[in-house]
1. Name every residue in segment 432-455 that is touching a residue at least 12 places away in the same chain (Cβ under 8 Å), of a type outside the set (D, E) and either in contact with a His (Cβ under 6 Å, 6 or more places away or on another chain) or more than 14 Å from A394 (Cα to Cα) (or both), in order of residue number.
2. In segment 355-373, how many are open to solvent by 40 Å² or more (accessible area, probe 1.4 Å) and among the aliphatic types (A, V, I, L, M)?
3. Among the residues of segment 60-83, which ones are more than 17 Å from I147 (Cα to Cα) and either at pLDDT 85 or above or open to solvent by less than 60 Å² (accessible area, probe 1.4 Å) (or both)?
4. What are the residue pairs meeting all of these: first residue in segment 456-470, first residue surrounded by 10 or more Cβ atoms within 10 Å (Cβ to Cβ), second residue among the aromatic types (F, W, Y) and assigned to a helix (DSSP H, G or I), Cβ atoms under 7 Å, and 6 or more apart or on different chains?
5. Report yes if some residue within segment 94-105 is in a helix (DSSP H, G or I) and surrounded by fewer than 19 Cβ atoms within 10 Å (Cβ to Cβ); otherwise report no.
6. Looking at segment 316-351 only, could you name the residues that are under 20 Å from A362 (Cβ atoms), charged (D, E, K, R) and touching a Lys or Arg at 6+ places or on another chain (Cβ under 9 Å)?
7. Could you tell me whether N440 is polar (S, T, N, Q), open to solvent by 20 Å² or more (accessible area, probe 1.4 Å) and within 21 Å of G354 (Cα to Cα)?
Amino acid sequence: MLKKIIKRSKKHSKSDSTLTEAGSRPPGSGTIVSDPNPNVVVNHASRPGQGAPSTNSSSPVVPLPPPMTTVEPLPLLRDAPVSERQNLFLRKLQICCFQFDFVDVLKSAREKEIKRQTLLELVDFIQSGSSKITEICQEEMIKMVGINIFRPLPPASHESTGQVASDPEEEDHYLDPSWPHLQIVYELLLRYVVSSATDTKVAKKYIDHSFVLKLLDLFDSEDIREREFLKTILHRIYGKFMVHRPFIRKAINNIFYRFIYETERHYGIGELLEILGSIINGFAVPMKEEHKLFLVRALIPLHKLKHVAVYHQQLSYCITQFVEKDYKLADIVIRGLLKYWPLTNCQKEVLFLGELEEVLEATQSAEFQRCMVPLFRQIARCLNSLHFQVAERALFLWNNEHIVSLISLNCQVILPVIFEALERNTQTHWNQAVHGLTVNVQKVLMEMDVELFNECQREFAEKEARAQEV
């Protein structure tokens, strides 16, 4: 009887020790993955065997290595045995998590170089696709990327000095001294996103809404090199992760709202608009109502900002894409341009006239007729502008065959609106080039309808005579 009791107690102690070994973890090893299925993560050390049933019992579970306290060179991944490659990959990620002071070039120079070489090796490893990256490695890699790139951006020069904000085009932009490392981290993220071996079902757990929002926050970086990488990466994420598409559009929308109605300062508006240009190009027809609201509430109001010239090329492309997709939007766009038409900024007026020509290129006759009277009243004011570039750009509209055909179809309405402006140019405008272009436009209009032209000329002469009498 005594022997039986002793045997039972031994068995009990063995099962206890087994449970302790399975439930314990080395310091800094992170979450225990106790089930052979890598998709199941158990966070409770007291329940090591309660995960989902294993579907792939042959794949061994490799726990996270203990955290490294110093930066030391490790063996190359290609030289390591396949069984040790995952553990070595995780250790290399730990090296890449170390942060250094890049303002002082000489400080920790050896450690910085080890980290740089390790990052380069990881980029090559991901790009080669020589072996599949396990889920735990993907999770830790995205964590490492976040540790490196998600950081407080330095204040803009006008914020740190208290000076009045200057023109963004004329500012000396800040260049991040840590860029030699940041660039490789961005390259690693890009290679991971575009890799055919990356499973979106797994990757979306780590590249989630929070990750995307933090990426979008970085678009306000002064460093143009960083914004270019962010633009490419976000575009690739939008293309690969369909589940994130509505969220990304909404988040960009919110950035625009804050820029338009609150801060009026953001360095990445041009890059965000460039991404949107590709997104709008892929919109299905007929266009959804949410896309039309985005045009009206965000894109058109972007014209009212003082420094619109910084991102106007990208904005104009987005606007034109909308009109080409749905020609019925032309009236809304043209009236939006007229609403925000600059009064005292001549360079901005030249930009608006250029955009107007592109929009009119895609405008059909019915939509043109809805807005032609207010449109040509504004063009008439531009024709009489004392700034010769504004007057010249307005007169260049008559070089466009499609616009001339639209004017010809509606000459009875348009000619009386602009005749006086043209006549005043021929009589009083100081610039010889503007004078010559005006005469050419008058000839074109006369050929369209001689009788109407003569009638307008007679009315103008009578009006001038009455003015002289007064």
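The values are calculated or read from the model by the stated rules, or taken from the named source; none is laboratory data. If you're wondering where the values come from, they're calculated on a predicted model, not measured in any experiment. Reconstructed Cβ throughout: ideal geometry from the backbone, glycine too, with neighbour counts over all protein chains shown. Quick note on the areas: whole protein, heavy atoms, side chains included, nothing else; ligands and nucleic acids left out. Shrake-Rupley method; radii C 1.70, N 1.55, O 1.52, S 1.80 Å.
1. Matches in segment 432-455: V444, L445, M448, L452, F453.
2. Here the count works out to 2.
3. V62, L64, P65, L74, L76, L77, A80
4. Listed by first residue and then by second, the contacts come to C456/F419; F460/F419.
5. no
6. Once the filter is applied, which keeps residues that are under 20 Å from A362 (Cβ atoms), charged (D, E, K, R) and touching a Lys or Arg at 6+ places or on another chain (Cβ under 9 Å), segment 316-351 yields D326, D331, R335, K339.
7. Judged against the criteria, N440 is a match.
Every residue, every condition in (1) at pLDDT below 95; (2) in a helix (DSSP H, G or I); (3) acidic (D, E), yes or no:
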{"site": "I403", "(1), (2), (3)": "no, yes, no"}
{"site": "E423", "(1), (2), (3)": "yes, yes, yes"}
{"site": "Q427", "(1), (2), (3)": "yes, yes, no"}
{"site": "L452", "(1), (2), (3)": "yes, yes, no"}
{"site": "F460", "(1), (2), (3)": "yes, yes, no"}
{"site": "K463", "(1), (2), (3)": "yes, yes, no"}
{"site": "R466", "(1), (2), (3)": "yes, yes, no"}
